[in-house]
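To start, the structure itself, in structure tokens.
The values are calculated or read from the model by the stated rules, or taken from the named source; none is laboratory data. The structure presented is a predicted model; accordingly, all values stated were derived computationally and were not measured. When we count neighbours, we look across all protein chains shown, and the Cβ atoms used for this are built from the backbone with ideal geometry, even at glycine.
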Amino acid sequence: MTRSNTIKTRADGSIDTAFYMARGRQMRSEQARGMARTATEPRRRGPILVAVLALLAWPFAG
């Protein structure tokens, strides 16, 4: 995203609030999609599984 120092205005000179509200909704939507994608992507479970198995076997070792 590029930043501009100019404020988007309507023909009557007032700030174009509809433009900025739509842009904010789009940005929130993109962030929500990214968070959902991160939450649902498969994770590597190898190291966790090894740690759990080691803890389960610990009382019997020795």
task = Test each condition in (1) exposed (fewer than 10 other Cβ atoms within 10 Å of the Cβ); (2) assigned to a helix (DSSP H, G or I); (3) modelled with pLDDT of 90 or more for A57 and report the one that comes out false.
result = (3)
message = Any residue at all in the stretch 25-40 that's at pLDDT below 95 and β-branched (V, I, T)?
response = yes
